[in-house]
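No lab work stands behind these numbers, since they all come straight from the coordinates. Source: prediction; values computed, not measured. Quick reminder, even Gly has a Cβ in these numbers, built from the backbone with ideal geometry, and neighbours come from all protein chains shown.
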Amino acid sequence: MKKADPAVEDLKEKALAAIARRRGDIIRFAEDVYRTPELGFKEERTAARTAAFLADLGLEVRTGLALTGVKAVADGQAPWSGSRRTGPKKERGEEPPGETAAPPRVAVLGELDAVVCPGHPAADPVTGAAHACGHHAQLAVMAGAAVGLTEPDVLRGLSGSVVFMAVPAEEYVELEYRFRLREEGKVEFLGGKPELIRLGEFDDVDMAILVHSGSRPGPKMSPGGTSNGFVGKFVRYIGREAHAGASPWAGVNALNAALVALSAVNALRETFSEEDSVRVHPIVTKGGDLVNIIPADVRLETYVRARTIQAVTETSRKVDRAFKAGALALGTTVEIRDAPGFLPMLPDPELSRIYRRNLERLVGAENVSDGGHMAGSTDMGDLSHVMPALHPYGAGVEGRPHCADYRVVDPDLAYIRPAEAVALTVIDLLADGAREADRVRRAARPPMTRAEYIEFARSLFRRTVYPEPEAAGAAGSGNPKEDDDRW
Ligand SMILES: [Zn+2]
Ligand SMILES: [Zn+2]
């Protein structure tokens, strides 16, 4: 690490001063977003509010990306130190050989969506949506970083550009609704970042940082670590209705089939190895139609999560076996629709080091913890497979994420300090001719090109029907070919 450069230090002081001046506005923005929680791909008001905040900083804002995403680019005004060497991206065939690489572009992201948590004190009374995952804090961090980085004196010292993006639908929920969006051609992927990668909205981004709100009480922040990946499954048991009192024997009970399957899933748990960090957590989204009718249409959603893509794939096969077991036992049909969830998070070590150094400066090393492994998932994992990416955590919260008691109790630790840490990190990357950002992108070895990623994600869409209709002798049950991508 080189010594602090006085010119870089001056830019940092200016960014911090700008954030301090607008502290009240940043907190107000967070609280406004908190009061109007919206679910993924429906974040209209949140997106409008975020776009207005960025426009107010003098940025040209694009909206409606992957339905609700927001994006604005701030160009640094200092010359780019340039590069004539061949970097890893060229070897991967993403840039024509012999050309100078473009100036580095760093994305600062926030996520627009809430979760469903009807018992939360700030829940929307109609939809039950609540910011129980703290994404309002993420948006405030992005907005706060934008305040610091768009300060004219700061932009004059930066090269390359900063891309601010508010991304839809990080929470992978309401699968039926999202399948419908897919069928209607409104999205292809069910999560915001995969969809934005597909749309090319990350083509002008070399590396990305998204600070998630704190995941545990206390003042400690972290540069973030690894996290699980997963596939999503939407499962439907088709039985036969019958009068539940008069002639239950004439029916085929889809709920009982689902219960056998859930028992089978639970019986599999002892086969999950600890190091794989497997999580399978199905819910029943429809258990029948009327209490006096034998259920003939029962629906479940689940994730199959694990630390590696391989462990996700292996566990997914086992779970499918369990779902088929329920159908076999009761004589129903089961339809299993797989969709790509998120990939495991692979934090970039260089970005992590720079961010950590800035965090330590702001809150002291005693208040910075290591990232470790998180068994939850984020679609920052998908980005981390195609570019250097970082998913740090803020602080200043109480309660349990996704639960009614989760809330921000310290706006400075939740919004302001992380915004400062992001601004300082971007300055480290883009000051001094953006040499550091160029070094980060040269050193990075993301496992996939963007085209490979899209192809891989597409390959995870899968529809399985069991038993196959010919075998079951069932007539007219649709179009049930394994590996069929149309649903
Ligand atoms: Zn969440
Ligand atoms: Zn979250």
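Tabulated data for the structure shown
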| item | result |
| --- | --- |
| Long-range tail of P(r) for region 7-73 (Cα pairs > 20 Å, %) | 41 |
| Neighbour cut-off at most 11 other Cβ (10 Å), DSSP loop, GluC sites (Glu not before Pro), region 115-221 | Glu184 |
| Karplus-derived 3J(HN,Hα), 6.51/-1.76/1.60, for each residue of region 414-423, Hz, glycine and proline x | 7, 10, 7, 4, x, 4, 5, 4, 5, 4 |
| Ranked Leu328, Leu383, criterion: other C-beta atoms within 10 Å, fewest first | Leu328, Leu383 |
| Virtual spin-label span in nm between Asp25 and Leu328, 7 Å along Cα→Cβ | 6.4 |
| Burial ordering of His385, His391, fewest other beta-carbon atoms within 10 Å first | His385, His391 |
| From phi via Karplus (6.51, -1.76, 1.60), per-residue ³J(HN,Hα) for region 171-187 in Hz, x at Gly/Pro | 5, 9, 9, 6, 4, 4, 4, 6, 4, 5, 4, 5, 4, 7, x, 7, 9 |
| Cleavage-rule hits (GluC sites (Glu not before Pro)) in region 38-70: DSSP loop, at most 12 neighbouring Cβ within 10 angstrom | Glu60 |
| For region 164-213, Kirkwood radius (reciprocal of mean inverse C-alpha pair distance, Å) | 12.0 |
| The chain - percent relative contact order, Cα under 8 Å, separation 6 or more | 20 |
| Relative contact order of region 273-400, defined on C-alpha pairs under 8 angstrom at six or more residues apart (%) | 22 |
| The chain: radius of gyration and largest Cα-Cα distance (Dmax), Å | 24.0, 85 |
| Additional length obtainable on full extension of the chain from Ala17 to Asp32, 0.36 nm per residue less Cα span | 3.1 nm |
| Projected-area average for region 265-322 over all orientations - Cα convex hull basis, square nanometres | 4.5 |
| For Gly218, residues with placed amide H under 5 Å, excluding near neighbours | Gly396, Val397 |
| Amide H contacts under 5 Å for Ala78, placed H, 5+ residues apart | Leu158, Ser159 |
| Peptide ranges 333-339, 290-296 listed from the most packed, as the mean C-beta count within 10 angstrom indicates | 333-339, 290-296 |
| Net charge over other residues, Cβ less than 12 angstrom from the Cβ of Glu44 (K, R count +1; D, E count -1) | 0 |
| Cα radius of gyration and Dmax for region 328-406 (Å) | 18.7, 63 |
| Length released on extending from Tyr177 to Leu268, taking residue separation times 0.36 nm less the Cα-Cα span | 29.8 nm |
| FRET efficiency estimate (nearest 0.05) - Cβ-Cβ, Ala250 to Glu44, R0 60 angstrom | 0.80 |
| For region 51-56, Karplus couplings with θ = phi - 60° (6.51, -1.76, 1.60), whole Hz, Gly/Pro x | 4, 5, 5, 5, 5, 5 |
| Where only C-alpha atoms are counted, convex hull volume of region 204-343 per residue in Å³ | 163 |
| Amide H partners (placed H, <5 Å) of Phe342, local residues excluded | Phe230 |
